[in-house]
Amino acid sequence: MKKIFTSTCPKCKSTFVVSWELRHAGLKLICPICGHRYLPDKSLAIDEREQH
Ligand SMILES: [Zn+2]
């Protein structure tokens, strides 16, 4: 069982899957759609879940 989360980009509003390690790492995510870099807490939406 692997923990992941989805983040919604505040710039282009795309949702993509991110590995859990980056959730609280203090590192910026890079949106795969528009290339925008932002901290996870700046996401428009975050969905934490477990991937079976
Ligand atoms: Zn984006």
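Taken together, the values in this text are just the output of simple stated rules run on the coordinates, not laboratory data. Remember, predicted model here, so these are calculated numbers, not experimental data. When we count neighbours, we look across all protein chains shown, and the Cβ atoms used for this are built from the backbone with ideal geometry, even at glycine.
Annotations for the structure displayed:
- In Hz, Karplus ³J(HN,Hα) per residue of region 27-34 (6.51, -1.76, 1.60; θ = phi - 60°; x = Gly, Pro): 9, 7, 7, 10, 5, x, 8, 10
- Taking HIS36, HIS24, HIS52 and counting other C-beta atoms within 10 Å, the order from fewest to most: HIS52, HIS24, HIS36
- P(r) tail for the chain: Cα pairs beyond 18 Å make up 21% of the total.
- Estimated distance in nm for a label pair at THR6 and GLU21, the labels positioned 7 Å out from Cα along Cα-to-Cβ: 2.3
- Taking packing as the residue-averaged number of other Cβ atoms within 10 angstrom, the listed peptides 5-14, 40-49 run from highest to lowest as 5-14, 40-49.
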